[in-house]
Amino acid sequence: MTLLQVDHLRIHRSSGAGDPLVSDVSFTVEAGEVVGVVGESGSGKTLTGLSLLGLLPDGLTATGSLRFEGRELLTQSRREWERTRGAEIAMVLQDPSSSLHPMLKLGEQLTDHLRLHLGLGKVEARARAIELLERVHLHEPERLLTQYPHQLSGGMKQRVSIAIALACGPELLIADEPTTALDANIRTGIIALLDELRRESGMGIIFVTHDLAMLSSIADRLNVFRTGEIVESGEAEAVFRTPKHPYTRVLLDAVPQVPWPLPEEVRS
Ligand SMILES: Nc1ncnc2c1ncn2[C@@H]1O[C@H](COP(=O)(O)OP(=O)(O)OP(=O)(O)O)[C@@H](O)[C@H]1O
Ligand SMILES: [Mg+2]
């Protein structure tokens, strides 16, 4: 079964004023697949992601259909959304600090999260927290649990926020520019981690980024957003090789060189 099927998603101001912010977006995500999302600033990428978590900003409304494992999300009750968020669909944001509380040690944040969402006891939650930190390849997880976010580098913080997103074993992860704030070698590490996670757990990933070259190493399919619409979509390899829409060509021309397919040693 298709993991996520988005049909004619439209996001507009609840007042009805102005043009829709997302006008008619349709795409699918299969289990274990990475769907890349690129497009100009303000084209509706983040709003589309937020609508999948039922977290649109106040004053905005989504219509159309968001089917997750065959179930319609848009008509869910508030309680059902709470279950969906985290346990089924999770999101990682550009700024890892936004998902971490600055005044709480990582141990408290992770174990509180696990106790609340998975109903684990204190000891179990700590063990699971350590397991998750190891999962995202952070060293000395016991010591990390005693530290505050500001004691970590940007790349480490992003790994912790990915660990939090993975805590409840979501089937779909929305990564909204998760590497934009990081430098190049750390970025590569995060990409490799996401690639590993989807291979091992069959998690579907929606990967929003401005970095087309990087996307060429991980995306199976590509959706190109422009002014609230998808102007081109297809197998990533085909879109990179023979972009059809003029805007996609402009995007690709801005990349010095898209090495497709990437050599095996870079992919793995
Ligand atoms: N709360 C809001 N109320 C009204 N308009 C909004 C609100 N949030 C976002 N918008 C508008 O919706 C449009 C889409 O925003 P969105 O954040 O989804 O863009 P994006 O594609 O993620 O851009 P970027 O690449 O800069 O992150 C933008 O024009 C933005 O100004
Ligand atoms: Mg955005």
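Quick look at the numbers
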| read-out | value |
| --- | --- |
| Ranking of S97, S14, S41 by count of other Cβ atoms within 10 Å, fewest first | S41, S14, S97 |
| Using distinct alpha-carbon pairs, which all enter the 1/r mean, Kirkwood radius of the chain in Å | 19.2 Å |
| Dipole moment magnitude, nearest 20 debye, the range 106-190 about Cα centre, only Lys, Arg, Asp, Glu C-beta charged | 140 debye |
| Beta bridges by DSSP in the chain, antiparallel share as percent, to the nearest 5 | 50 percent |
| Within the chain: Cβ-based charge dipole about Cα centre, in debye rounded to nearest 20 (Lys, Arg +1; Asp, Glu -1) | 540 debye |
| CD proxy at 222 nm, helix term only [per DSSP H run n ≥ 4: -39500 (n - 2.57); per residue of the chain; nearest 500] | -10500 deg cm²/dmol |
| Cα shape, the range 54-108, gyration tensor, a/c 1.5 rule | prolate |
| Footprinting exposure proxy for T63, T28, T179 (fewest neighbouring C-beta atoms within 10 Å first) | T63, T28, T179 |
| Where labels lie 7 Å past Cα in the beta-carbon direction, separation of H101 and T28 in nm | 4.2 nm |
| The range 1-99 shape via C-alpha gyration tensor axes, a/c threshold 1.5 | rounded |
| Rel. contact order, % - alpha carbon contacts under 8 angstrom, at least six apart, the chain | 26 percent |
| Size of charge dipole - the range 1-51 - debye, nearest 20, with Cβ of Lys, Arg +1 and Asp, Glu -1, no other charges | 200 debye |
| Net lengthening on full extension, L116/E69 (0.36 nm per residue, minus Cα-Cα) | 14.5 nm |
| Length added when fully stretched, E140-E237, from 0.36 nm per residue minus Cα-Cα | 31.1 nm |
| Cut-off under 5 Å, modelled amide H: who pairs with E229 long-range | S23 |
| The range 96-169: Rg to Rh, with Rh as the Kirkwood radius over Cα pairs | 0.91 |
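Laboratory data are not the source of any read-out in this text; all were calculated from the coordinates shown. Fair warning: this is a prediction, and the values are worked out from it, not measured in the lab. With ideal geometry, Cβ positions are generated from the backbone for all residues, glycine too; neighbour counts draw on all protein chains shown.
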